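Below: the structure, in structure tokens.
What follows is calculated from the coordinates using simple rules that are stated; it is not laboratory data. Note that this is a predicted model, so its numbers are computed, not measured. Ideal geometry is used to build each Cβ from the backbone, glycine not excepted, and the neighbour counts take in all protein chains shown.
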Amino acid sequence: MANIPDIQEIERYHHKYSPNDKVYDLVYGHCKIVTEIALWCAGNLKNENVNAKLLEAAGLLHDIGSYAFFDNEGRVLNKRLYPQHAILGAKILADEGIDERVTELIASHVLLGLTKQEIIDTPWYLPERDYEPQTIEGEILCYADRFHSKHPTFNAYETFLQRLKRSFPLQAKKFENWSERFGIPDVPGLANKYGQPVR
């Protein structure tokens, strides 16, 4: 039966698919930071119900598919195909018997969710279909993931917004709307907590 995994199961999956401890620390460390931001965002909502257990599991597993795209030093092997880590991760976890609510959140976490037309126009080297989050948990995961990358660095809100405005104006508008809804996390505070730079 499909399940929402607990922390021990989640860590086991990361160890299973990671090539080594260095890449495990990079990817799982990123997933933990994104989850912390996501749960903070969920806490800001007063009139919307969020399944915190579902959000936490999806946050901690959202980049499980990225291991296939890293070398042993944690460098991305094929940046053009890297967005496929989302659908690969969803497939991996579906095969592991993970709840489809989790896998659906993972499949749609590239940027702030991509439409079929965005995939055609860019191109994103993804199957030409909609990958937009359909739940509040999916929206929060997409939004929280934009504040940290696996370099590892934090993304300042305004800097990231301007990058989106230059390249993806529809995504930028969504990012602004969600910032009003979910709040803007304390990126300098998080960067200081984890000893990582802000760009």
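What the table below lists for this structure:
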| quantity | calculated |
| --- | --- |
| Charged-residue dipole, Cβ positions (Lys, Arg, Asp, Glu), the chain about Cα centre, Debye nearest 20 | 660 debye |
| Shape of segment 41-150, Cα gyration tensor, a/c cut at 1.5 | prolate |
| Neighbour cut-off at most 12 other Cβ (10 Å), DSSP loop, trypsin sites (Lys or Arg not before Pro), segment 62-128 | Arg75, Lys79, Arg80 |
| Sparse-neighbourhood loop sites, chymotrypsin sites (Phe, Trp or Tyr not before Pro) in segment 122-199 - DSSP loop, at most 14 other Cβ within 10 angstrom | Tyr125 |
| Relative contact order computed over segment 7-153 (Cα-Cα under 8 Å; 6+ residues apart), in percent | 26 percent |
| Prolate/oblate/rounded label for segment 1-77 (Cα gyration tensor, a/c 1.5) | prolate |
| Radius 13 Å from Cβ of Lys32, net charge of other residues (Lys, Arg +1; Asp, Glu -1) | -4 |
| Asn177-Arg80 pseudo-label distance in nm [points 7 Å out on the Cα-to-Cβ vector] | 3.3 nm |
| Selection from Tyr24, Ser167, Val34, by position along the positive dipole direction of the chain (Cβ) | Ser167 |
| Gain in span if fully extended, Asp21 to Asn192, counting 0.36 nm per residue against the direct Cα distance | 59.2 nm |
| Cβ charges +1 (Lys, Arg) and -1 (Asp, Glu), total dipole of segment 1-71, debye | 120 debye |
| Fewest-first ranking of Ser108, Ser18, using other Cβ atoms within 10 Å as the exposure measure | Ser18, Ser108 |
| Formal net charge of residues neighbouring Phe175 (Cβ-Cβ distance under 13 Å; K, R +1; D, E -1) | +2 |
| Axial C-alpha extent at least 18 Å, average Kyte-Doolittle at least -1.0 - helices from the chain (DSSP) | 21-43 |
